[in-house]
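The values are calculated or read from the model by the stated rules, or taken from the named source; none is laboratory data. Note that the structure is predicted; figures quoted are calculated from it, not measured. A quick note on method: Cβ atoms are made from the backbone with ideal geometry, for glycine too, and the neighbour counts reach across all protein chains shown. To get the accessible areas, we keep the full protein, side chains included, count just its heavy atoms, and leave off ligands, DNA and RNA. Shrake-Rupley method; radii C 1.70, N 1.55, O 1.52, S 1.80 Å.
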Amino acid sequence: MAQPGSTTITEGEGRKHPDGTTRRDFLYLSAGAFAGTGAVLTGWAFIHSMNPAADVLALASTEVNLAPIAVGQAITVTWRGKPVFVRHRTAEEIAKAKEDDKAALPDPQPDARRVQKPEWLVLVGVCTHLGCVPLGQKPSDAKGDFGGWFCPCHGSHYDTSGRIRRGPAPANLAVPSYAFTNDTTIRIG
Amino acid sequence: MAKYDYVPSPFMANSIVKWVDHRLPIFTLIDEQLVKYPAPRNLNYLWNFGSLAGIMLVVMILSGIFLAMNYNPSTAGAFDSVERIMRDVNYGWLIRYIHMNGASMFFIVVYIHILRGLYYGSYKYPREILWWLGIVIFLLMMATAFMGYVLPWGQMSFWGATVITNLFSAFPIVGEHIVLWLWGGFSVDNPTLNRFFALHYLMPFVIAGVVLLHLWALHVHGSNNPLGIDAKGPQDKIPFHPYYTVKDAFGLAVFFIIFAYFVFFSPYTLGHPDNWIEANPLVTPPHIVPEWYFLPFYAVLRAVPDKLGGVLLMFGSIAILFLLPWLDTSRVRSARFRPAYRVFFWLFVICCLALGWAGAMPAEGVPLLVGQVATVWYFLHFLVFLPLLGWFERPLPLPASIAEPVLGGGKAGMVAATKPMEKA
């Protein structure tokens, strides 16, 4: 067998290079790398099985028909297992929200950036403090000091744009990604 | 060879290892039982199947836990949740195929492991309790596999559960009450499925516990070997690592290739298509068969035209294994030195295969006859042939030591001359 002149043969170790490495070192490393890669790839299949499944992802968007919602009325729909508030705002509520753009806001954001059409306010109905659902959807509900929503758990007040105004919540009610598929229908998610 | 001169491995000198080991001697345990552990130098590849079985237990527990995360143990939801695992859960198909085919692989491995023990006489003194623990593991495996097969709630699941639980109704007086208790109702239904799921999840951990006892018993006297003679000194043994860790790892790689073939290319070969039909308590499938690994026992059950007789014979076919160390009267362990037993061993293997074939066929005509003849042979093997063979068989001369046939006469003679041997 033609071997480079630099190799020597030692008993039990096979051919040994001058730097001390042997064929056995190569076998150990390649077999170890092979087994390790297989273990990682198999492990990924198991870990990935705990991520949302196809049927869960299929329900990740929700369509809402806005036509039956009268001015001043609000509905709650379920999207990804969470409540989404859809409020058909009155002219006064819109005006109040715009006026409050200049107020001292803990989480400053102009109303225009929180809506696509001013009369439709769409919010994830989960308090940004610790995850309760704020009151304010029903006419009989407490709406807080700013005419929007009031979280009964720890007393956070949201305004008519869903912005946090007072209380422990750190951020405004989140606006989900949604699109108008036509004038009276939105698809959330 | 109860004790050996233990010299710690180099890693035992590490200061962290020392710190831990002084408080919890886990590294000493690993070093004594897995690294330096002296094993007979002549173990062949049939000795791989114990570690393969252990690894299959781990594979089954892991894949089972991830299946349980997506499984719904109710008659209304079980079948659909399995469909969801197959279609919607990320890699759910892979995990379920691993679990389904893993059960078959586990039984293949364990059957070879048991036959290895039968061929080389591994059940004989001083390994009787080791053998018993193995039978206990086998029984627990059968119970676990049976209950697991019920969970997908297909037609075979339901009717398999109905037939097997009804076995207990064969016992006089208490039978009906036992069955009612097993079901938690008047038929196999939601309570049955719930408890089978709970027990199916529990049993593998019980098996793991008995496996630890099995290993404990094994490590008292060490592995048997193809020659079936005791080690006479250090020249007969080699450290477990790296010799047998590498041998086991290589065997594992080959085994995983076969396992992967079934998982990826032939996942339904070992299953029954009727289990894709959801359970229907009003319609029995025309031909009920258990999973392949139960077929021999199913054949024994059906060999007798009497309900209680069939049930007793089936349980007896496993119970008789507990008595094997005393039914086999020969003092020679390995079939290599038992020319007559070797013939009867292979006849016994053929007998088991014939039972398996008969169990898969409808219980009538030729298959029924084959099943009956093989059932008689099965019991004759243990109750008549084995006791008589010990008396009438003339074993071949045993080698003086394990090292002798391995290293060749001259060298072993030299080693043997320098080491005084203890009389076996």
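Going through B:LEU182, B:LEU118, B:LEU193 one at a time, which residue ends up being open to solvent by less than 20 Å² (accessible area, probe 1.4 Å), at pLDDT 95 or above and touching a Ser or Thr at 6+ places or on another chain (Cβ under 7 Å)?
On the way: B:LEU182 fails: open to solvent by less than 20 Å² (accessible area, probe 1.4 Å); B:LEU118 fails: touching a Ser or Thr at 6+ places or on another chain (Cβ under 7 Å).
Exactly one residue qualifies, and that residue is B:LEU193.
Please count how many residues of segment B:121-155 are open to solvent by 10 Å² or more (accessible area, probe 1.4 Å) and not in a helix (DSSP H, G or I).
Number of matching residues: 8.
Could we say that B:PHE345 is farther than 27 Å from B:ASN44 by Cβ and in a helix (DSSP H, G or I) here? First the steps, then the outcome.
On the way: farther than 27 Å from B:ASN44 by Cβ: no; in a helix (DSSP H, G or I): yes.
No, not satisfied.
Taking the condition of being of a type in the set (Gly, Ala, Ser) and within 25 Å of B:ARG116 (Cβ to Cβ), how many residues in segment B:29-86 meet it? Working first, answer last.
Just the residues of segment B:29-86 that are of a type in the set (Gly, Ala, Ser), to begin with: B:39, B:50-51, B:53-54, B:63-64, B:68, B:74, B:76-78, B:81.
Applying the additional criterion that residues be within 25 Å of B:ARG116 (Cβ to Cβ) yields B:39, B:50-51, B:53-54.
Result for segment B:29-86: 5.
Check segment B:360-374 and report whether any residue there is under 20 Å from B:TYR111 (Cβ atoms), of a type in the set (S, T, N, Q) and in contact (Cβ under 8 Å) with a residue 60 or more places away in the chain.
No.
Does segment B:234-248 contain any residue that is among the charged types (D, E, K, R), modelled with pLDDT under 95 and within 25 Å of B:ARG116 (Cα to Cα)?
In the first step, residues of segment B:234-248 are kept if they are among the charged types (D, E, K, R); the result is B:236-237, B:247-248.
This time we only want the ones that are modelled with pLDDT under 95, so: B:236-237.
Subset that is within 25 Å of B:ARG116 (Cα to Cα): B:236-237.
Checked segment B:234-248: at least one residue is among the charged types (D, E, K, R), modelled with pLDDT under 95 and within 25 Å of B:ARG116 (Cα to Cα).
Does B:GLY77 fit the bill of being small (Gly, Ala, Ser), more than 16 Å from B:MET60 (Cβ to Cβ), facing chain A (nearest Cβ under 10 Å) and more than 17 Å from the chain's Cα centre (by Cα)? Don't jump to the end; show me each part of the working.
Numbers: small (Gly, Ala, Ser): yes; more than 16 Å from B:MET60 (Cβ to Cβ): yes; facing chain A (nearest Cβ under 10 Å): no; more than 17 Å from the chain's Cα centre (by Cα): yes.
No.
Looking for whichever is under 27 Å from B:LEU282 (Cβ atoms) and hydrophobic (A, V, I, L, M, F, W, C) here; the options are B:LEU151, B:LEU212, B:LEU139, B:LEU227. Which one fits? Spell out the reasoning first.
Details: B:LEU212 fails: under 27 Å from B:LEU282 (Cβ atoms); B:LEU139 fails: under 27 Å from B:LEU282 (Cβ atoms); B:LEU227 fails: under 27 Å from B:LEU282 (Cβ atoms).
Just one listed residue meets the conditions, B:LEU151.
Just the residues that are within 10 Å of chain A (Cβ to nearest Cβ) and open to solvent by less than 30 Å² (accessible area, probe 1.4 Å), please, taken from segment B:91-109.
Passing the criteria: B:GLY92, B:LEU94, B:ILE95, B:ILE98.
Can you tell me which of B:LEU396, B:LEU383 is assigned to a helix (DSSP H, G or I) and in contact (Cβ under 8 Å) with a residue 12 or more places away in the chain? Full working, then the answer.
Values: B:LEU396 fails: assigned to a helix (DSSP H, G or I).
The unique qualifying residue is B:LEU383.
Residues of segment A:52-88 being charged (D, E, K, R) and surrounded by fewer than 16 Cβ atoms within 10 Å (Cβ to Cβ), which ones? Talk me through it step by step, then tell me what you get.
Here is the first cut: in segment A:52-88, the residues charged (D, E, K, R) are A:55, A:63, A:80, A:82, A:87.
Result: A:ASP55, A:GLU63, A:LYS82.
Inside segment B:220-238, can you point out the residues that are open to solvent by less than 50 Å² (accessible area, probe 1.4 Å) and not in a loop (DSSP other than H, G, I, E, B)?
Let us first name the residues in segment B:220-238 that are open to solvent by less than 50 Å² (accessible area, probe 1.4 Å), namely B:222-229, B:231-233, B:235-238.
Passing the criteria: B:GLN235, B:ASP236, B:LYS237, B:ILE238.
Is there a residue being loosely packed, with under 11 Cβ neighbours inside 10 Å, away from chain B (no Cβ under 13 Å) and either within 28 Å of the chain's Cα centre (by Cα) or touching a residue at least 40 places away in the same chain (Cβ under 8 Å) (or both) anywhere in segment A:14-36?
no
Has segment B:43-61 got at least one residue that is buried (at least 19 other Cβ atoms within 10 Å of the Cβ), more than 12 Å from every other protein chain (Cβ to nearest Cβ), in a helix (DSSP H, G or I) and without any contact (Cβ under 8 Å) to a residue 60 or more places away in the chain?
yes
Scan segment B:252-277 residue by residue and report those that are outside any helix (DSSP H, G or I) and either hydrophobic (A, V, I, L, M, F, W, C) or open to solvent by less than 40 Å² (accessible area, probe 1.4 Å) (or both).
If we filter segment B:252-277 for residues that are outside any helix (DSSP H, G or I), which is where we start, we get B:266-272, B:277.
Those that are outside any helix (DSSP H, G or I) and either hydrophobic (A, V, I, L, M, F, W, C) or open to solvent by less than 40 Å² (accessible area, probe 1.4 Å) (or both): B:SER266, B:PRO267, B:LEU270, B:GLY271, B:ILE277.
Identify all residues within segment A:42-93 that are away from every other protein chain (no Cβ under 14 Å), in a loop (DSSP other than H, G, I, E, B) and either over 13 Å from A:ARG187 (Cα atoms) or under 19 Å from the mean Cα position of the chain (by Cα) (or both); write none if there are none.
Pass one, segment A:42-93, residues away from every other protein chain (no Cβ under 14 Å): A:61-93.
This time we only want the ones that are in a loop (DSSP other than H, G, I, E, B), so: A:61, A:66-73, A:80-81, A:89-90.
If the condition is that a residue be away from every other protein chain (no Cβ under 14 Å), in a loop (DSSP other than H, G, I, E, B) and either over 13 Å from A:ARG187 (Cα atoms) or under 19 Å from the mean Cα position of the chain (by Cα) (or both), then A:SER61, A:ALA67, A:PRO68, A:ILE69, A:ALA70, A:VAL71, A:GLY72, A:GLN73, A:ARG80, A:GLY81, A:ARG89, A:THR90 are the ones that fit.
Check B:VAL283, B:VAL304, B:VAL300 and return the single one that is surrounded by 20 or more Cβ atoms within 10 Å (Cβ to Cβ) and within 23 Å of B:ALA161 (Cβ to Cβ). Show your work before the answer.
Values: B:VAL283 fails: surrounded by 20 or more Cβ atoms within 10 Å (Cβ to Cβ); B:VAL304 fails: surrounded by 20 or more Cβ atoms within 10 Å (Cβ to Cβ).
Exactly one residue qualifies, and that residue is B:VAL300.
I'd like to know if segment A:120-135 contains one or more residues that are touching a helix residue (DSSP H, G or I) at 6+ places or on another chain (Cβ under 8 Å) and not in a strand (DSSP E or B).
Scanning segment A:120-135 turns up no residue that is touching a helix residue (DSSP H, G or I) at 6+ places or on another chain (Cβ under 8 Å) and not in a strand (DSSP E or B).
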